Every structure is written in structure tokens, then in C-alpha cells.
1. As an exercise, take the mean of 1/r over every pair of distinct alpha carbons in the chain, invert it, and state the Kirkwood radius in angstroms.
2. Aspartates and glutamates near Lys290 by alpha-carbon distance under 14 Å, same-chain residues fewer than 8 away left out - which ones?
3. Can you give the calculated 222 nm mean residue ellipticity of the chain, where each DSSP H run of n ≥ 4 adds -39,500 (n - 2.57) and the sum is split over every residue, rounded to the nearest 500 deg cm²/dmol?
4. State the volume of the convex hull built on the alpha-carbon positions of the range 1-128, expressed per residue in Å³ and rounded to an integer.
5. Over the range 1-57, what is the relative contact order in percent, taking alpha-carbon pairs closer than 8 angstrom and at least six residues apart?
6. Starting from the 7 Å offset along Cα-to-Cβ, what nm value, one decimal, do you get for the label separation of Asn48 and Asp30?
7. Using a 7 Å offset from the Cα along the Cα-to-Cβ direction at both Ala18 and Val72, what is the distance between the two label points in nm, to one decimal?
8. log₁₀ I(q)/I(0) of the range 1-44 at q = 0.15, 0.21, 0.24 Å⁻¹, via Debye over equal Cα point scatterers, no solvent, to two decimals?
Amino acid sequence: MPENALLKVEGLPYPLVAAGKVREVFDMGDALLMVATDRVSAFDVVMNEGLAGKGILLTQISLYWFEQAGAVTQHHLVDDHAARIAELGKTYPELQYRSMIVKKLTPLPIEAVVRGYLSGSGWKAYKESGQLFEYTLPGDLQESSPLPQPVFTPTTKVASGHDMPIDCVDAAKLIGEELFQRVHDLSIELYNMGVERAEAADIILADTKFEFGTDAQGELYLIDEILTPDSSRYWPRESFAPGGPQPSYDKQFVRDYLESLEWDKTPPPPALPAEVLAGTLDRYIEAYTKICLFG
């Protein structure tokens, strides 16, 4: 793990084609270089401080899961990925473990969200309407209750701000019925794959989101990150108790601290104390250890 956080990727001979809150994407010609920085965002605001090594942990968790997912579906990693990453590391050693080299694909305009527990925006919707978006649920569920079965709740994708829920019917109209059904079925299968591994590691995979893209021939691929603490809600099983929010292996530690301040959740962000940064990084390290190294 590095001593200092990598907040911006500089000095590459490849043009920058996209920069998100955490990742930067460069055009290598035949493929894209996707680099996970150590930036931290909360409430859609990027903090001034980073978590040294967070991008490495996220990338290694994704690579672990892409290897497992290869038995289920094709994904965006180039065929000679390990060799190309090793070659990249000879010139840019700071990027070797935080990078993926991926195929050039067209992302679908929806995110594929699968929920197995009632939490986050799903809990908020249930409190307001008695339903989980378009799904009818029993009337006696609590926050963090397990659902009778996993449900697919897609969202739209936006460049900034929050993605918005979209009914399955509208999502199917957006990308086509046949493609939608494929995305739906794959997402449930991949979520169940994650649940099985999480159970073996004594953690709970409450929900997650996947992204998919297509090539020039319309073939479907799993893309972006997969089953990381940034794209998923992981809870420790030993302390699980429905009836309220659960501790999680992600940046919730940062959000909880920020919620204790008088901050309007707009830039500039407040400074994060060293103990908050350390506590958050510890949670990412624990997630990596449990998911990738357990058993």
C-alpha cells in the first residue's frame, strides 16, 4: 500500500477521455486504461483528502470478481490483461495495481441495481409508499430487513448527481426487451454469486449495482467495477440486526462524520481528520481481506 494518496493521474502519453469522482480513463488506442485514484467523494462532492491505497483495493476487488464472473458472462477486461498490466507497471509502477485495461464498449444507459435487503433509497421508498419502487412487499418490514427474494431495480445514468429509479418496463423500452431481460437475469445471477461468497466470508451483500456495455456487434459485456464496497452495500453478519441502519464496509464512516457538521453538502468540502481517514481505509482493507483472501 502506498504512503501517499494518488489524487490525480499525470504524465501519461494517452489522452484522458473521462474523469469521474474516483476513476480516470485514458485512450490507449486499441483499449482503454481505467485507473482508480484514491479520491473520496461524499454527497457527490470530492473531498480534498484521499485514502492512500483505496484505488488499489477497489481495483483488486474488481479483478477478483471479474475472474469469478467469467464463468457467468463475458466482461470488459482485454484478453491479455495480466501481461499488459505488468508491462504498464514497468514504466508506471504506481499504476500497476490500481489499473484495468479494458475493451472499448458502449455503456448501456441504465445501471443494473439488485437489492436483497431493504436499505438506502429502497427503505425510503418503502416508508413513503409501502412498496419498493414498483414491487409490492409485505407490510411489516423494517429498515435492513431481508427481502423475500432479490429484486432488480434499475436506475437511469446521469453525468452528475444521483441516478434515478426507473421501472423495468421503461428500462426495457430504453434498451430493448430482449437486451433488458438478459441484463436482468445476469444481474440476479451475479448478485447471487456475490451473496454466496459473502456468506462464506461471514458478511452480507445487501445490494449492488452492475454496469453493462455492448460492442459493435451488439454483444453484451459486464463493465466498470463489480461488487466493490463503492458499488455495493456490505455489512458484517455478526452485528446484523434489522430495525435500523447497519455498519458497512465503505465510506459511510466519512458520511457519518460529515453529517455531524454544519455543512450544506456543496463545495468546498470540510477537512477530514486523520482518524476519519484511517477508520475509513481500515474498512476498505477489511472488505478486501474478507472478500478476496478469506478461505
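1. Details: mean 1/r = 0.0500 Å⁻¹.
Across the chain, the inverse of the average 1/r is 20.0 Å.
2. Reachable aspartates and glutamates: Glu196, Glu199, Asp202, Glu238, Asp250, Asp282.
3. It comes out at -10000 deg cm²/dmol, rounded to the nearest 500.
4. Numbers: hull volume 19.4 nm³, N = 128.
Looking at the range 1-128, the number lands at 152 Å³ per residue.
5. Relative contact order here is 37 percent.
6. It works out to 4.5 nm between the two label points.
7. 2.1 nm
8. Evaluating at q = 0.15, 0.21, 0.24 Å⁻¹ gives log10 I(q)/I(0) of -0.41, -0.72, -0.87.
All of the numbers you see were taken from the coordinates with simple rules; none came from a lab. Here the structure is a predicted model, which means the values were calculated and not measured. All Cβ positions, even for glycine, are placed from backbone atoms using ideal geometry, and neighbour counts span all protein chains on display.
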